[in-house]
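The values are calculated or read from the model by the stated rules, or taken from the named source; none is laboratory data. These numbers come from a predicted model, not from an experiment. As a convention, Cβ positions derive from the backbone with ideal geometry for all residues, glycine included, and neighbour counts pool all protein chains shown. Only protein heavy atoms, including side chains, enter the accessible area calculation; ligands, DNA and RNA are left aside. Shrake-Rupley method; radii C 1.70, N 1.55, O 1.52, S 1.80 Å.
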Amino acid sequence: MLAWGTNKGVVLYVLLFIATNFVNKYVLSVLKFTYPTIFQGWQTLMGAIVLRLLSLTGKLEINSDIDRFTLLKWSPGLFSFVISIYSGSKALAVLPIPIFMSLLTVVDFIFHVTDLAISKKIPSAKKCGLLMFILLSSVMVSWTDPQFVETGYFWMAVHILSSGCYIIYSKVFKSCIEISELGRLYANYIYSFIVLAPCSYFLGDALAAREFPFLYFYKFYVGCALSGVFGVCLAVCAIQIKDSQLCLSMSLAQSSAWAKVAVSISSLPFFEMVPNVKNTIWVVACLTAATLCAEYIDESDDSKKKLDGNDIKLPSMMTTFESV
């Protein structure tokens, strides 16, 4: 059980994860605002503004003065981030949330495999079994989907590949990237807005959006504003959990796995989904495998964490969202 006093960051992360995906799904699927260059451009602009305000008010320490050479070394990460958010928006507009979250566990698979490769450890049979089952169950989720839409799965595949590239580059070249996590996030937002703003014109989204039927509907603007604010708060919260996870009973990987389960279940009364028995079984199996994998891998590394306990850095920013 989570203790609110020491794990409020984890609880906040799960709540923000649910809120962010709910708002995004509402705008993309219910209102059918399927213009990702505009939607993601707006989100990244809002994210950059919020981060800048938090930095100016002293809530966060962000080094925005990044030299060109350092930024150049991070350019593959910037490119992967833009593709990831664009494709993720396209996929979420089509796929039901439980299926989207089930397929997103493949990114968790890439995360764990990359960690194993970097540490050069031989995984146990249990660990290998869980990782392989994540892949198998994610394939079966798509195979048994009664609402299979080819374009949705195409963009989901692009999202998984680009997110995987982002993770691999961040981990493999970690020592070469002289930018903090918050600095990377700020750079990602600025770069994404710079790229997506002109793309919205060249790809025709800017002109097509003029015919959007809810263009003057107040819920549309509220949804867009909340999506940007929730998104950046979720990202910052994730970074803070990652930096201080030794002080918490749940790591970021565990928090993310449980958040996927929570948003999948809570989305069922609000968003349309036409499941069948086989598809439901594989969705449950996939999310369960990802959760068990996060729990098991973190437990197996627990002894190593305790040995490094003297180097624990107490969370200094977990009160950020309370005072904003």
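Just a few scattered comments:
- Shown for the chain are the DSSP H helices of 20 Å or more along their axis, judged by Cα atoms, with a mean Kyte-Doolittle hydropathy of at least 1.6: 97-119.
- Helical runs assigned H by DSSP (4 residues or longer) give the chain a calculated mean residue ellipticity at 222 nm of -24000 deg cm²/dmol, each run adding -39500 (n - 2.57) before division by the residue total.
- Solvent-accessible surface of region 1-85, taken per residue with a 1.4 Å probe and all protein chains present: 49 Å².
- Translational diffusion of the chain, µm² s⁻¹ [Kirkwood Rh, Cα pairs; Stokes-Einstein; 37 °C; 0.692 mPa s]: 160 µm²/s
- Per residue, region 196-300 exposes 50 Å² of accessible surface when a 1.4 Å probe is rolled over the protein heavy atoms with every protein chain present.
- Inter-probe distance in nm under a simple model that places probes 7 Å from Cα toward Cβ, at Ala117 and Phe217: 4.3 nm
- Computed accessible area, Ile66, all protein chains, 1.4 angstrom probe, square angstrom: 40 Å²
- Of the peptides 270-277, 180-187, the ranking by mean beta-carbon count within 10 Å, highest at the top, reads 180-187, 270-277.
- Whole-percent carbon and sulfur share, accessible surface of the chain, 1.4 Å: 68 percent
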